[in-house]
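Engineer: Sending over a structure as structure tokens; questions will come in a sec.
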Amino acid sequence: MARGCVTSARLGVLGEILVTVSAVVLLFVAYELWGTTAVTNGAQDDLDRRLAQQWSSPAGPDRPDTSAGPTPTAAPPAPGSAIARLYLPALERRWVVVEGVSQRELRHAPGHYPGTAAPGEIGNFSVAAHRTKALFWRLDEVRVDDHVVVETRQTWYVYRVTRVRVVKPNDVWVVAPVPDRSRSRPTTAMLTLTTCNPRFDNYERLVVHAQLVHEQPSSAGPPAQLRPGPGA
């Protein structure tokens, strides 16, 4: 009887430990999904304010305007610097995009793949983001013919989604100037969005390709794709 009582006691303690560990894991997952959202949203608000200040300041020799695309003499944006706003009208979401795709740069923002095209430029403007609630969590809801809008200091660019697919993590050709034909010379302006797939894992990549269909100066106001429809 004594040994049985000891064994039962040990099993009871083990059970309590397992319950506690499970609770901690669930709390961690909940924090990763929802707790970090407030932090990311706050970081995005700060990036948005800094971007607005940057765009309201006159461009000059010490402040080159690279937001409308690089020039032969323009220095590339510094890693982590805000470069554009990205809108997904179908999801009613928008973010400030920063330069770079390291863990530091992607922590609270979508990041522009260095070396890929600038917004509106011939080539493939490519952007990555984590699959978190505050970032590309719902990217799988984007459909062909949806629009993606990019705002720079001088120009609004409207892209139409042409393909949504899932690839392997090492399929880096999806951000090539011409996806699927990495050695081809680009003739159109494209946009590519990438994130982990499926949710809670990273053994695949979800990829959205889009092609530039319209552009207009910032002075004209937001494009029609961002304006509320009748009755909105």
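Here, each number is a calculation from the coordinates, and none is a lab measurement. All figures in this text were calculated on a predicted structure; none of them were measured in a lab. Note that we place each Cβ from the backbone using ideal geometry, even for glycine, and neighbour counts take in every protein chain shown.
Engineer: For segment 214-224, what does the Karplus curve 6.51 cos²θ - 1.76 cosθ + 1.60, with θ = phi - 60°, yield as ³J(HN,Hα) per residue in whole Hz, taken in order and with x for Gly and Pro?
Structural biologist: Working through the residues one at a time gives 6, 8, 8, x, 4, 5, 7, x, x, x, 4 Hz.
Engineer: Taking neighbour counts of Cβ atoms within 10 Å as a proxy for exposure, in what order, fewest first, do Ser57, Ser218 appear? Present the calculation step by step, with values, prior to reporting the outcome.
Structural biologist: On the way: Ser57 10, Ser218 15.
Ordered from fewest to most neighbouring Cβ atoms within 10 Å, Ser57, Ser218 come out as Ser57, Ser218.
Engineer: Can you give me the distance in nm between label points at Arg163 and Asp201, each placed 7 Å from the Cα along the Cα-to-Cβ direction?
Structural biologist: Simple spin-label model gives 2.4 nm for this pair.
Engineer: Taking neighbour Cβ counts within 10 Å as the exposure measure, how do Thr188, Thr152 sort from fewest upward?
Structural biologist: Thr188, Thr152
Engineer: Sort largest first and round to whole Å: the equivalent ellipsoid semi-axes of segment 48-226, each the square root of five times a Cα gyration tensor eigenvalue.
Structural biologist: In descending order the semi-axes read 24, 17, 17 Å.
Engineer: Quick check on segment 100-161: take the gyration tensor over C-alpha atoms, sort the square-rooted eigenvalues as a ≥ b ≥ c, and tell me if it's rounded (a/c under 1.5), prolate or oblate.
Structural biologist: Since a/c reaches 1.5 but b/c is at least a/b, the shape of segment 100-161 is classed as oblate.
Engineer: How large is the charge dipole for segment 80-232, taken about the Cα centre, if only the Cβ atoms of Lys, Arg (+1) and Asp, Glu (-1) carry charge, to the nearest 20 debye?
Structural biologist: Working: 20 positive and 14 negative charges, 32 e Å.
Using only the charged Cβ atoms, the result is roughly 160 debye.
Engineer: Next question. Could you order the peptides 91-101, 168-178 from most to least packed, using the average number of other C-beta atoms within 10 Å per residue?
Structural biologist: 91-101, 168-178
Engineer: Follow-up question, since we're still on this one. What relative contact order, as a whole-number percentage, does segment 48-226 give when Cα pairs under 8 Å and 6 or more residues apart are counted?
Structural biologist: Working: 399 pairs, mean separation 35.8, N = 179.
Contact order relative to length: 20 percent.
Engineer: I've got another one for you. Could the peptides 108-114, 207-213, 179-185 be put in order, highest first, of the mean number of other beta-carbon atoms found within 10 Å of their residues?
Structural biologist: The densest-packed peptide leads the list: 108-114, 207-213, 179-185.
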